[in-house]
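A short write-up of the structure that comes next.
The values are calculated or read from the model by the stated rules, or taken from the named source; none is laboratory data. Predicted model, so just to flag it, every value in this text is computed and none were measured. Note that each Cβ is placed from the backbone with ideal geometry, even for glycine, and that neighbours are counted across all protein chains shown. Remember, those area values only see protein heavy atoms, side chains included, never the ligands or the DNA or RNA. Shrake-Rupley method; radii C 1.70, N 1.55, O 1.52, S 1.80 Å.
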2 protein chains.
Amino acid sequence: MATLNDVAKRTNVSKMTVSRAINHPDQVRPELRDAILQVMTELNYHPNAAARALVGRRTRVIKLTIFEDMDITEPYYMMLLAGIANELNQHQYALQIATRNSYEVGECDGYILTGIRDSDAGWVARLDQPVVFFGRNRQGYDYVDTDNFQAIQTSTAYAAQAGYTYLVFVGIAVAEPFELDREQGFQEYVTSHQISAQIIRLTNHSHSATAYIKKHWAEFPPNTAFICASDRLAIGVETAIIDQGGQVPSDYGVIGFDGVFLNQIAAKRLTTMKQPLEEMGRAAARLLLTKIAHPEMSQASHNQEKIIINSRLSVAESTR
Amino acid sequence: MATLNDVAKRTNVSKMTVSRAINHPDQVRPELRDAILQVMTELNYHPNAAARALVGRRTRVIKLTIFEDMDITEPYYMMLLAGIANELNQHQYALQIATRNSYEVGECDGYILTGIRDSDAGWVARLDQPVVFFGRNRQGYDYVDTDNFQAIQTSTAYAAQAGYTYLVFVGIAVAEPFELDREQGFQEYVTSHQISAQIIRLTNHSHSATAYIKKHWAEFPPNTAFICASDRLAIGVETAIIDQGGQVPSDYGVIGFDGVFLNQIAAKRLTTMKQPLEEMGRAAARLLLTKIAHPEMSQASHNQEKIIINSRLSVAESTR
DNA sequence: CAATTTTATGCAATCGCTTGCAATGGCTAT
DNA sequence: ATAGCCATTGCAAGCGATTGCATAAAATTG
C-alpha cells in the first residue's frame, strides 16, 4: 500500500505538500498539484483512514443503532437504511450498523438512533457524539419524523368521505409517541365528526390482526373501514375480512401505514399512508452531518431541531 | 477521553504494562492486572480504534457489500444482515454497509459480498482483503449458500407426492447460479419422473407473477402446483389464482422460496422452502473471520471453501 | 529599490497504541 | 556460589497522517 511518503518521493516534494494537495488544493501551485494527483493515481494511493482518524479525531463513520427488541427484519428499516447509506456515501461517510449490545465496537462521528424506548434514555445520554433520532422522542433530541397525527387524520377523513360509517383504528400496543399521535389523531377526528368508531391495540403482526378480527367479526358491520397503524396489520385485517366472506372494498375498507412494498402484495393492493422513508433517511443523515460539521450550532442555541416530512396517502384497491 | 497513558500514570506503571494487561493478560502479574482493569473502568477507558488500526493494520471492520442493482429493501437482505451483525458483534467486529459506488469509503479487514454478477469479477479481483461470497459464484471464491438444486427437488417432489399432476416452475429471469440450479433441479425431477410441466421466467415482483398467471390462465388446469423461486413470486401467483376463482390448495398448490416473513401474510399462508438466512449470515461471518485470523490457510491450500446450509420445506396452507 | 505582504513549501511534533529489544530481579541448576 | 533461565516490566521507535510555525521565494507597495 502506497503512503504519503511514497507519493512525496516520487514527486520530489515533502509529504506535506502532498497532504495539502489533497486537503487544501488551493494552497498548492496548480501544475504541481496536478503532477501529484497524477502520481497518486499511478501508485493507486489511498489515504489511510486510521491515520487520519487518529490525528484528526474524526472517523468518517456514522452508526445506525437499531435496538434489538425491534424487529430488524422489517422492510421499514431496510428502506430507511437505504436512504441513510446513499446520503452518507455521497459525503464520503461510511455507515455502520449497531445494536444495543454492540454499540461499543468501533468509534464513530455520530449516531442515528431508531427504535429507542424511554427506558434507554440513560444509555443515549452517555453517548459522546452528536445524535439524531429517527422518530419523535421525549428527551429533546433532534429528530426526523413524519407527522403521525396529521397522517392519521388524513386517512381517517378519507375513509369517512368514502362513505364508510363505522371506523376502526387498529393500533400497535406500545406507548410510544408515534403510536399515541396516531391514536389521538384518529380519536379527535371521529369525536369532532361524531362518527361511530373503536380503537383496537395489537402486537404488530398480521396474524394477530387476522385472529382478532375473525374472533370479533360480529362487531364489524358492512360499511366499516379499518385504519391500521402498519401495513402488516392492514394485511392481516384484509385476510380476515376475505376469510369471513366480506367484500373489499365495497363493504369493508382497509388503510395501511408505512407504504413499504407489502402494500403491493395484499390480495387487494393496499391503500396506505406512505412514509417517504428513503427521503427521511437522507434527511436524518444530512442533519447529523450538519451537526458534526458545526458543533457550535447544536451547543449554542440548544434548541431541538425537528424535521417533519409528510406522508402521502396512496390510494389503491382496498378502499373505494 | 482517557488514554493508555492516563491509566498508566494512575496505576504507576508504564503504558506498556497497561497495553499488555489488555492484549496479553498472561504476561502481567495477576494482582497488578486486576488493579489496572479496575482503573480502566474507573476512568471509563476504551482503547482508541484508530490508533490500534494504524499500528496493527487491522480495523476490526467487515464490509457487507450489497450491489445496487439488487433491491436492497428485500427482507431477505435484512435477515442476512441480522445474522452477520450478530456474529460479528460477538467477535468485537463492526459491520459496515457498502454499495458498489461507496466501496472506497473507509477501510476494512474483509468483505462479505452478495448480489454480485459475473460482470463484477474485475472489481472483486481488485479487493485487497479476504472475501466471502453469499451465494455461489463462478470465480472460485469461498462462499456460503443453500443447496438450490436439492431444495427445488425437495419441493417439486413434495408437490408431486401431494398429487398435483401439472407442475409449473416460476423462476426469476437472471442467468445466475442460484437460479440455474433451481431450474435444473426442477427440470431433472419432472423429466425423470415423467411429469407434465413447464418453466416460466419473470422479474422478481409479485405483480408480474399475478399478471402472467392471469393472462395465461387457460394453460393451468386444476391440479396444478406452482413451484416458485421466491416468496414474492409465490404471493403474486396465489393472488392471481384467487382472482381467477381457483381453489387453493385443493385445486392449485403454491410453493415459495426464501421463507422470509412474507410467507405469513399471504391469503393462504405459504408453503415455502425456508432458507436459514440468519444462520447463513452467521456462517459467512465466521468463515470470513477465520480467513482473517489464518491468512496462510487461504493462501496455501487455495481450495475453495464451500459452506452449504440446507433449506427446509415449511408446509402451510397453500398446498394440500 | 528597499520594505512588506503574500504565496508555497518544508520541518518537527504529535495523535494513541503496539512491536522488538533491553533490563531487572528472583529462582533453579549444577 | 555462579551461571542461566523465566517471569515482569520499561524504553524507544514508528504506524501514516495532520497541525503550527518557520522559511524561502515571489509579488506588492510607496
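Annotations
- Scanning segment A:199-209 for residues that are open to solvent by 30 Å² or more (accessible area, probe 1.4 Å) and modelled with pLDDT of 95 or more turns up at least one hit.
- Among the residues making up segment A:45-61, a single one is open to solvent by 90 Å² or more (accessible area, probe 1.4 Å) and near DNA strand D (Cβ under 8 Å from one of its atoms): A:VAL55.
- When segment B:131-162 is filtered for residues that are open to solvent by less than 40 Å² (accessible area, probe 1.4 Å), in a loop (DSSP other than H, G, I, E, B) and under 21 Å from B:LEU81 (Cβ atoms), the ones remaining, listed by number, are B:GLY135, B:ASN137, B:ASP142, B:THR146.
- Test: residue in segment B:116-124 that is of a type outside the set (S, T, N, Q) and crowded, with 22+ Cβ neighbours inside 10 Å: yes
- Selection over segment A:265-296 of residues that are in contact with a Lys or Arg (Cβ under 9 Å, 6 or more places away or on another chain) and open to solvent by 70 Å² or more (accessible area, probe 1.4 Å) gives a count of 1.
- The combined condition, being of a type outside the set (S, T, N, Q), within 12 Å of DNA strand C (Cβ to nearest atom), more than 30 Å from A:HIS294 (Cα to Cα) and exposed (fewer than 12 other Cβ atoms within 10 Å of the Cβ), is not fulfilled by A:GLU42.
- Within segment A:43-61, the set of residues being in a helix (DSSP H, G or I) and in contact (Cβ under 8 Å) with a residue 12 or more places away in the chain comprises just one member, A:ALA53.
- Test: residue in segment A:69-79 that is within 16 Å of DNA strand D (Cβ to nearest atom) and not hydroxyl-bearing (Ser, Thr, Tyr): no
- Any hit, segment A:79-94, residues being surrounded by fewer than 17 Cβ atoms within 10 Å (Cβ to Cβ) and either in contact with a strand residue (DSSP E or B) (Cβ under 6 Å, 6 or more places away or on another chain) or more than 27 Å from B:ARG100 (Cα to Cα) (or both): no
Yes/no matrix, rows are residues, columns are (1) closer than 19 Å to B:ALA284 by Cα; (2) more than 18 Å from the chain's Cα centre (by Cα); (3) within 14 Å of another protein chain (Cβ to nearest Cβ):
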{"site": "B:GLU87", "(1), (2), (3)": "yes, no, yes"}
{"site": "B:SER102", "(1), (2), (3)": "no, yes, yes"}
{"site": "B:VAL105", "(1), (2), (3)": "no, yes, yes"}
{"site": "B:GLY110", "(1), (2), (3)": "yes, no, no"}
{"site": "B:PRO130", "(1), (2), (3)": "yes, no, no"}
{"site": "B:PHE133", "(1), (2), (3)": "yes, no, no"}
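- When we screen A:LEU64, A:LEU37, A:LEU88, A:LEU32 for residues that are under 30 Å from B:PRO75 (Cβ atoms), part of a helix (DSSP H, G or I) and more than 10 Å from DNA strand D (Cβ to nearest atom), the only hit is A:LEU88.
- Any hit, segment A:104-114, residues being touching an Asp or Glu at 6+ places or on another chain (Cβ under 7 Å) and either closer than 30 Å to A:LEU313 by Cβ or outside any strand (DSSP E or B) (or both): no
- Positions within segment B:236-262 being within 14 Å of another protein chain (Cβ to nearest Cβ), touching a strand residue (DSSP E or B) at 6+ places or on another chain (Cβ under 8 Å) and surrounded by 24 or more Cβ atoms within 10 Å (Cβ to Cβ), in sequence order: B:VAL237, B:GLU238, B:ILE241, B:VAL254, B:GLY256, B:ASP258, B:LEU262
- Checking each residue in segment B:4-28 for being open to solvent by 60 Å² or more (accessible area, probe 1.4 Å), in a helix (DSSP H, G or I) and either within 14 Å of chain A (Cβ to nearest Cβ) or more than 12 Å from DNA strand C (Cβ to nearest atom) (or both) picks out B:ARG10, B:ASP26.
- Test: residue in segment B:45-55 that is hydroxyl-bearing (Ser, Thr, Tyr) and either within 16 Å of DNA strand C (Cβ to nearest atom) or away from every other protein chain (no Cβ under 11 Å) (or both): yes
- Flag if B:GLU176 is surrounded by fewer than 20 Cβ atoms within 10 Å (Cβ to Cβ), closer than 29 Å to B:TYR111 by Cβ, without any contact (Cβ under 8 Å) to a residue 60 or more places away in the chain and outside the structural domain of B:ALA121 (by TED's automatic domain parsing): yes
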